[in-house]
C-alpha cells in the first residue's frame, strides 16, 4: 500500500508552474483567500503563491491543526506573519535569492536614470524640445543601502561596480555592515539612499520627516523594500519642499496605488508597480525553488531560507 | 625685452574657463565663425572651443600662413577636418579622456532603462495606470560596442561590470578587439549594439538597412558617437517595422534635431540632445586639459592626444 502523500495547499490566483514534478508526492489543493481558513487545518504544507494576499494572517488556525511548513514565493514575509504563526512550531521559508540580482539592477537603473536626468529627457522629447543639460557622474558618488540581506548586498555590489562608494546598514553592526546608530550620519551625506529592508516593527515608517530632513537637497531616495518602510506623506512633503531632489517608489503602503493618490504626480517622483524583482522567467524560478524545497522537506532534510519569525526575515551572514 | 607671446585664436560663443592661467604666455584672440577666415593666418594656435561649428573646415587657409596647432574641445574631429588641414603639417589634438566615463555611464543608463522598461513606466505613471510587467535581466546579456577608442573601451568596462558579455569592434582586429569582419556576426546576436566610433569615410552611415536587418528583433541600438554613423531613415524603418526593439540616439545628422523631424516620435526611440558626455564640470575639465596641453606646447614638449588626420582619430592601444 502506498502511503498517502502530504497535502500541499496552494494559495493562488493563477496556479504555479513546475508543481507537476510533485505528482504522486503531494496531494495538491488549490485555494483562494475565501476558503483558506477552512482548508488550512487539513494541510501539511502551505505554499503562499499569491504573495499580494494578506489572507494567511487572517485565516491562521492558532493552536489548532495547521501546516507544519509555510513557504512564501516572496522575499518579504510581512504579509503573512501574525503572532500565532510566530509562536507556533510551523516553519516559514521565503524565496531568498530569486530577486537579488534583478532588484539590484533595477536600483542601478533608477540611480543612473536620475543621474543622467532621463525622465526629463523623455519629457523634452515629447515636447520636441532640444535642451542640453549637464548631468551627474555616478562614479565617485555615495550610496547608503538600508537592508543588509541578500537583496541589499546585491544592490551594494552593483552600485560599487559602477564606482559608487556604498555603505550597508543592517539591524546590528558587523563586518561590512553598519548598525542603526550610523544611519543618520550615512544618509546625511549620501547621494543615493536605498531602502531594501524587510518590513518589521523596527523598520515600519523608518523613512519619516526626520529622516528626509537629514538627507541632502541633492539626495535621491529609492524604495524597493516594502511600502510600509516609508511615511508617504512625509516623503510627499520632502519632495514638494525640495528637501530632497527626487525619489523612486516601487512599493507602496497600498497596492495597487489608488488612482487618486497624490503620489502619481509628485514632482521628482518615479512610480512603478512593484516590479523591481520580476524579470522574465521569475515565476518559473519561484516554482523551481519551491519544488526543490519540497523535495528536501519530503525527504526529511533541513530547509534553507528559514525565516526567523520574531525578526521577520532570514537571519545570517 | 619680453618676446611676443604666441597668438592663441579661440573659436567660441562663450569664452572657455581657465585661460586666465595663460596670461602673459599667450595673446588670446576670441573669434566667431564669421571672422575666423581672416584671423586664422595670423594665429599660432587655434582652440576650437565651439565644437558644434563646422567653420574651421570652411575657413582653413590651405597653403598659406596658418596655426601650427589646432586643439578641439571634443572627442570627435569630423567637424573640423578637411583635406587641406589633413595634408598640412599642422598638429591636431582632441579632448581624449574627458568624456570616457560619463559616456560609459550614459550608455549603462540607457541599457538598464531599456531592460527595465523605464520609459513605459513613466508613461503609465502619467496615465495613473498600475501595470505590472516582467522586465529583463541585464547580467548575462550580450553587447557589441563599435568603436575601440577610450570611449568604447570605457563603455565595455562598465557593461562588463554589470555582467554583460561585451565585444569591442575596431578598425583592425587586435587583442581584445574584433575587426570589421566580425561585426555582422557580433551584432546578429547582441542584445545591445552601441555605436561609439569616430565619424570617418569608413564609418559614415555604417548602421544602415543591412545592419539593422542583421540585428535581433529584441536588440536595442544606442548611438553616442556621431549622427553620421547612422542612416536615420533606415533606423526609422527598422523601428517602425519592429526589426529591432528600440534605440536611443544622443547624436544626429542635423543638430539640434529639427522640430519637424520624424525621429522625435518614432516608436521605441529615445532622443537626447547630444549630452551623453557632459557631466557637471565638463567645461572646466576641458579648459584645464587645454591649458595643460598649451603649457607643454609652449615648452616645446611633445603633445598627447595627437589625431591621425588621415584616419580621423587618435590611434593607439
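A few notes on this one:
- Residues located in segment A:74-92, provided they are free of Cβ contacts under 8 Å to residues at least 60 places away in the same chain and buried (at least 23 other Cβ atoms within 10 Å of the Cβ): A:80
- Test: residue in segment B:139-155 that is more than 20 Å from the chain's Cα centre (by Cα), farther than 28 Å from residue B:240 by Cβ and surrounded by fewer than 23 Cβ atoms within 10 Å (Cβ to Cβ): yes
- Looking across segment B:1-20, the residues that are loosely packed, with under 15 Cβ neighbours inside 10 Å and out of contact with any strand residue (DSSP E or B) (no Cβ under 8 Å at 6 or more places or on another chain) come down to B:1, B:2, B:3, B:13, B:14, B:20.
- Filtered residues of segment A:181-208 (kept if more than 14 Å from chain B (Cβ to nearest Cβ), more than 18 Å from the chain's Cα centre (by Cα) and touching a residue at least 40 places away in the same chain (Cβ under 8 Å)): A:186, A:187, A:189, A:190
- When every residue of segment A:170-184 is checked against the conditions, none turns out to be touching a helix residue (DSSP H, G or I) at 6+ places or on another chain (Cβ under 7 Å) and closer than 15 Å to residue A:224 by Cα.
- Members of segment B:116-135 that are facing chain A (nearest Cβ under 7 Å) and either outside any helix (DSSP H, G or I) or touching a residue at least 60 places away in the same chain (Cβ under 8 Å) (or both): B:116, B:119, B:128, B:130, B:131, B:132, B:133, B:134, B:135
- Matching residues in segment A:32-75 - criterion: being within 21 Å of residue A:224 (Cα to Cα), in contact with a strand residue (DSSP E or B) (Cβ under 8 Å, 6 or more places away or on another chain) and part of a loop (DSSP other than H, G, I, E, B): A:49, A:50, A:51, A:53, A:73, A:74
Quick grid of which residues meet (1) more than 11 Å from every other protein chain (Cβ to nearest Cβ); (2) free of Cβ contacts under 8 Å to residues at least 40 places away in the same chain:
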position: A:247; (1), (2): yes, yes
position: A:258; (1), (2): no, yes
position: A:261; (1), (2): no, yes
position: A:268; (1), (2): yes, yes
position: A:279; (1), (2): no, no
position: A:285; (1), (2): no, no
position: A:288; (1), (2): yes, no
position: A:291; (1), (2): yes, no
position: A:299; (1), (2): yes, yes
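- Residues located in segment A:93-115, provided they are within 7 Å of another protein chain (Cβ to nearest Cβ) and surrounded by fewer than 23 Cβ atoms within 10 Å (Cβ to Cβ): A:101
- Only one of the numbered conditions (1) more than 30 Å from residue B:126 (Cβ to Cβ); (2) facing another protein chain (nearest Cβ under 8 Å) is violated by residue A:178, and that is (2).
- Segment A:249-265, residues that are more than 13 Å from residue B:130 (Cα to Cα) and in contact with a strand residue (DSSP E or B) (Cβ under 8 Å, 6 or more places away or on another chain): A:253
- Failed item in (1) within 14 Å of chain A (Cβ to nearest Cβ); (2) on the phi < 0 side of the Ramachandran plot; (3) free of Cβ contacts under 8 Å to residues at least 60 places away in the same chain, with residue B:163 passing the rest: (2)
- Filter result for residue A:237 (surrounded by fewer than 18 Cβ atoms within 10 Å (Cβ to Cβ) and more than 29 Å from residue A:307 (Cβ to Cβ)): yes
- Filter result (within 13 Å of residue B:98 (Cβ to Cβ) and not in a loop (DSSP other than H, G, I, E, B)) within segment B:292-317: B:292, B:293
- The selection criterion, being touching a strand residue (DSSP E or B) at 6+ places or on another chain (Cβ under 8 Å), assigned to a loop (DSSP other than H, G, I, E, B), in contact (Cβ under 8 Å) with a residue 60 or more places away in the chain and crowded, with 22+ Cβ neighbours inside 10 Å, holds for residue A:225.
- Being surrounded by 14 or more Cβ atoms within 10 Å (Cβ to Cβ), modelled with pLDDT of 95 or more and within 24 Å of residue B:88 (Cβ to Cβ) is a property that residue B:269 lacks.
- Of the set (1) surrounded by fewer than 20 Cβ atoms within 10 Å (Cβ to Cβ); (2) closer than 25 Å to residue A:26 by Cβ, all apply to residue A:67 but (1).
- Scanning segment A:289-314 for residues being in contact with a helix residue (DSSP H, G or I) (Cβ under 9 Å, 6 or more places away or on another chain) and surrounded by 16 or more Cβ atoms within 10 Å (Cβ to Cβ) gives a total of 8.
- Screening the candidates B:239, B:257, B:249 for the property of being at pLDDT 95 or above and more than 20 Å from residue A:116 (Cα to Cα) yields one hit, B:239.
The values are calculated or read from the model by the stated rules, or taken from the named source; none is laboratory data. Just so it is clear, the structure is predicted and the values come from calculations on it, not from any experiment. Ideal geometry is used to build each Cβ from the backbone, glycine not excepted, and the neighbour counts take in all protein chains shown.
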